[in-house]
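Working notes, beginning with the structure itself.
The values are calculated or read from the model by the stated rules, or taken from the named source; none is laboratory data. Fair warning: this is a prediction, and the values are worked out from it, not measured in the lab. Here the Cβ positions follow ideal geometry from the backbone for every residue, glycine too, while neighbour counts run over all protein chains shown.
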Amino acid sequence: MSRLSRGVLAAVAAAGLAAGGIAVVALTASPAAALDNGLARTPPMGFNNWNSTQCRAEFNESMVKGIADIFVSAGLKDAGYTYVNIDDCWAETSRDAGGNLVPSHVRFPGGIKAVADYVHSKGLKFGLYTSAGTHTCNKAGFPGGLGHEQQDANLFASWGVDYLKYDNCNNQGVDAVKRYTAMRDALKKTGRPIVYSICEWGKNKPWEWGPGVGNLWRTTGDISDSWSSMISKAHSNATHASAAGPGHWNDPDMLEVGNGHMSETEYRTHFSLWAEMAAPLLIGTDLRKASAATIALLSNPDVIAVDQDPLGKQGTVVKSSNGLVVYSRPLANGDRSVALVNETAATATVSTTASAVGLSGSSFTLKDLWSKATRTTTGTISASVPSHGTVMYRVSGGGGVKNPPPPGTSQLGDLPWTSATNGWGPVERNLSNGEKATGDGHGLSIRGTKYAKGLGTHAASEVDYFLGAHCTTVAADVGIDDEKTGKGSVVFQLWADGKKVADSGTLTGSSPVQHLMGDVSGATDLRLVVTDGGDGIANDHADWGNAQITCS
Ligand code: GLA
């Protein structure tokens, strides 16, 4: 939770319950207004040397120039890859007499500016690395940025740096938000547009404060070139989907595609999942040695188009059972991208439906983004998927919902949504969550108060509405349904265009009804999110009672 929303909740707690025993929570200001540097409106695409070279000697000026050359000659620049970034070990171990960082005389004899100039001469952008600590992570002891933020940011800007990855080693226990905010402000003061990548490995819940501080934040520890590492990063990253949006992205770490310890099938799953989750696509293999198959995989235009979709919504898990996982991502033109993932050791059929991914209608087109085959369906989305494989479809048709709510106050339970995902069974209109099929819920009821209208959901859930910048306020009474009194625990949140505008804090099956309100003025997109309160999703029948939207 952001410091501001924590403050708001503390104030509410201090004020006690409002009349009628209903706690009122509304955020009067956006808790973490998204960083407004205008950059990374879609997830950054590029290269970083770390996964292929770490600190070995082959990480040097000629490698960086070679990568820039290949971006152009192999068509990767045309495919969208822009940033050529370098990682740890680029510096000397001491600052100069003026306190400035010094590029390694061995690796970068011409300095960093010369390399940046070369990268720029190819129409590409250049990224650099340091740590929000006294030293970077490598044991050689390269100096870090803590306490030198402005001097280092100024130097980076003078070299023409376009992207900064800011790591977490040797941080001396200084508060993370303070450390990362100091560099954000220093970068801003340089006046140079610099994409800001927070790399604190998900240690301090960066998905809560990252949107106001950086353009992307790592959600996990370091990836390695193995199926188990890659898939565990995907699982962790998937739980923070609500925090992602244009200009601010979850980062499950750089790509391992092409590094040799996963199969082609597994690398496709890796790339598909990163695209489905709107993750940065930073190539982590030495492209100078990459096979044609690796270059082709990394260049798949249909999968890249999903990653770079301008709506900027991270895909979410629609269904997960016994290692068969379905992700869905709404796209700007109303299509859905659906990834059918088989994490098991044997070929299996993975299935979902058009309605489960938020589409309505009776005829849909499925384009397989890897085989390029196209077929039609009346609703079933299903494929035989090899062990560790992914079938990724772009699903179109059925008519995406693009009409904003009518003027006045409407019940969200009666309005069409653009997408709805739910932890258990479908989201219910004007009923509680019945767990299996549409319409099998009961009347909405929280601590004895009954609601004729509202939404019945089950954590983890996200219901999205198109607002078209016509609406002002959303309000609902929230809590765990009486059918689960005394059980479960959840958090209700309202998000407008990727900014959190209300947060209930953790509510258990004994918490009183809470009135949640959010300001959605000017927003195009509304998300009603329910996350697990920390004890697993069992019993998390989450009601949005009398959920109303007011529009002009
Ligand atoms: C940390 C980061 C990695 C890499 C190394 C460099 O482990 O998480 O991505 O930058 O440091 O030392």
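For region 313-339, the set of residues classified as surrounded by fewer than 22 Cβ atoms within 10 Å (Cβ to Cβ), farther than 14 Å from V357 by Cβ and touching a residue at least 12 places away in the same chain (Cβ under 8 Å) consists of N322, G323, L324, A332, N333, listed by residue number.
Scan region 101-121 and give yes if some residue there is surrounded by fewer than 18 Cβ atoms within 10 Å (Cβ to Cβ), within 16 Å of the ligand (Cβ to nearest atom) and of a type in the set (D, E, K, R), otherwise no. Within region 101-121, not a single residue is surrounded by fewer than 18 Cβ atoms within 10 Å (Cβ to Cβ), within 16 Å of the ligand (Cβ to nearest atom) and of a type in the set (D, E, K, R).
Residues in region 83-100 that are crowded, with 17+ Cβ neighbours inside 10 Å and more than 17 Å from T285 (Cβ to Cβ): D88, C89, W90, A91, E92.
Looking across region 64-80, the residues that are assigned to a helix (DSSP H, G or I), touching a helix residue (DSSP H, G or I) at 6+ places or on another chain (Cβ under 8 Å) and away from the ligand (no atom under 16 Å from the Cβ) come down to K65, G66, I67, A68, I70, F71, L76, K77, A79. Scan region 295-345 for residues that are of a type in the set (S, T, N, Q) and in contact with a helix residue (DSSP H, G or I) (Cβ under 8 Å, 6 or more places away or on another chain) and jot them down. Residues satisfying the conditions are S299, N300, Q314, T316, S328, S337.
For beta carbons closer than 8 Å, sequence separation of 6+ or different chains, a first residue in region 151-167 that is more than 14 Å from A186 (Cα to Cα) and without any contact (Cβ under 8 Å) to a residue 60 or more places away in the chain and a second that is within 16 Å of the ligand (Cβ to nearest atom) and not β-branched (V, I, T), the qualifying pairs are W159/L128. The number of residues in region 83-100 being within 10 Å of Y129 (Cα to Cα) and either more than 16 Å from the ligand (Cβ to nearest atom) or in contact with a Cys (Cβ under 8 Å, 6 or more places away or on another chain) (or both) comes to 2.
Determine whether Y166 is within 16 Å of the ligand (Cβ to nearest atom), touching a helix residue (DSSP H, G or I) at 6+ places or on another chain (Cβ under 6 Å), among the aromatic types (F, W, Y) and within 21 Å of C55 (Cβ to Cβ). Against the criterion (within 16 Å of the ligand (Cβ to nearest atom), touching a helix residue (DSSP H, G or I) at 6+ places or on another chain (Cβ under 6 Å), among the aromatic types (F, W, Y) and within 21 Å of C55 (Cβ to Cβ)), Y166 qualifies. If you go through region 479-502 and keep only what is of a type outside the set (D, E, K, R) and in contact with a His (Cβ under 8 Å, 6 or more places away or on another chain), you end up with I480, G488, G498. Do we have any residue at all in region 208-227 that's surrounded by fewer than 17 Cβ atoms within 10 Å (Cβ to Cβ), modelled with pLDDT of 95 or more, farther than 21 Å from V84 by Cα and of a type in the set (S, T, N, Q)? Checking region 208-227: at least one residue is surrounded by fewer than 17 Cβ atoms within 10 Å (Cβ to Cβ), modelled with pLDDT of 95 or more, farther than 21 Å from V84 by Cα and of a type in the set (S, T, N, Q). All of G448, G456 fail the test of being without any contact (Cβ under 8 Å) to a residue 60 or more places away in the chain and within 22 Å of G533 (Cβ to Cβ), apart from G448.
When A186 is tested against (1) more than 16 Å from the ligand (Cβ to nearest atom); (2) part of a strand (DSSP E or B), just one condition goes unmet, and that condition is (2).
Out of everything in region 237-249 that is in a helix (DSSP H, G or I) and polar (S, T, N, Q), what residue ends up being farthest from the ligand (Cβ to nearest atom)? Ranking the qualifying residues of region 237-249, first place goes to S242. Going by the conditions given, is E266 over 29 Å from N204 (Cβ atoms), away from the ligand (no atom under 16 Å from the Cβ), modelled with pLDDT of 95 or more and not small (G, A, S)? For E266, the condition - over 29 Å from N204 (Cβ atoms), away from the ligand (no atom under 16 Å from the Cβ), modelled with pLDDT of 95 or more and not small (G, A, S) - is met.
For region 123-130, state whether one or more residues are surrounded by 18 or more Cβ atoms within 10 Å (Cβ to Cβ), touching a residue at least 40 places away in the same chain (Cβ under 8 Å), more than 27 Å from T181 (Cα to Cα) and within 16 Å of the ligand (Cβ to nearest atom). No, there is no match, as no residue in region 123-130 is surrounded by 18 or more Cβ atoms within 10 Å (Cβ to Cβ), touching a residue at least 40 places away in the same chain (Cβ under 8 Å), more than 27 Å from T181 (Cα to Cα) and within 16 Å of the ligand (Cβ to nearest atom).
Residues in region 73-102 that are among the hydrophobic types (A, V, I, L, M, F, W, C), in contact with a Leu (Cβ under 8 Å, 6 or more places away or on another chain) and over 18 Å from D167 (Cα atoms): how many?
Here the count works out to 3.
Residues in region 407-424 that are touching a strand residue (DSSP E or B) at 6+ places or on another chain (Cβ under 7 Å) and in a loop (DSSP other than H, G, I, E, B) were compared, and the one that is surrounded by the fewest Cβ atoms within 10 Å (Cβ to Cβ) is P407.
Pairs are defined by a Cβ separation below 6 Å, a sequence spacing of at least 6 or placement on different chains, a first member in region 82-97 that is closer than 17 Å to W159 by Cα, and a second member that is more than 15 Å from the ligand (Cβ to nearest atom) and among the small types (G, A, S); the pairs so defined are V84/A68. If a residue must be within 33 Å of the chain's Cα centre (by Cα), closer than 28 Å to G173 by Cα and outside any strand (DSSP E or B), how many such residues does region 101-134 contain? Residues flagged as within 33 Å of the chain's Cα centre (by Cα), closer than 28 Å to G173 by Cα and outside any strand (DSSP E or B) within region 101-134 amount to 4.
Looking only at residues in region 135-163 that are part of a loop (DSSP other than H, G, I, E, B) and within 11 Å of the ligand (Cβ to nearest atom), the one that is surrounded by the fewest Cβ atoms within 10 Å (Cβ to Cβ) is K139.
For region 204-236, the set of residues classified as touching a strand residue (DSSP E or B) at 6+ places or on another chain (Cβ under 9 Å) and assigned to a loop (DSSP other than H, G, I, E, B) consists of G214, N215, T219, T220, listed by residue number.
Considering (1) buried (at least 24 other Cβ atoms within 10 Å of the Cβ); (2) over 16 Å from the mean Cα position of the chain (by Cα); (3) closer than 24 Å to A420 by Cβ, the lone condition that N342 does not fulfil carries the number (3).
Sub-6 Å Cβ pairs linking a first residue in region 419-440 that is more than 23 Å from K313 (Cβ to Cβ) and in contact (Cβ under 8 Å) with a residue 12 or more places away in the chain to a second residue that is charged (D, E, K, R) and assigned to a loop (DSSP other than H, G, I, E, B), at least 6 apart or interchain, are N430/K453; S432/D481; G434/D440, ordered by first then second residue. Among the residues of region 205-231, those that are more than 15 Å from the chain's Cα centre (by Cα) and of a type outside the set (D, E, K, R) comprise G221, I223, S224, S226, W227, S228, S229, M230, I231.
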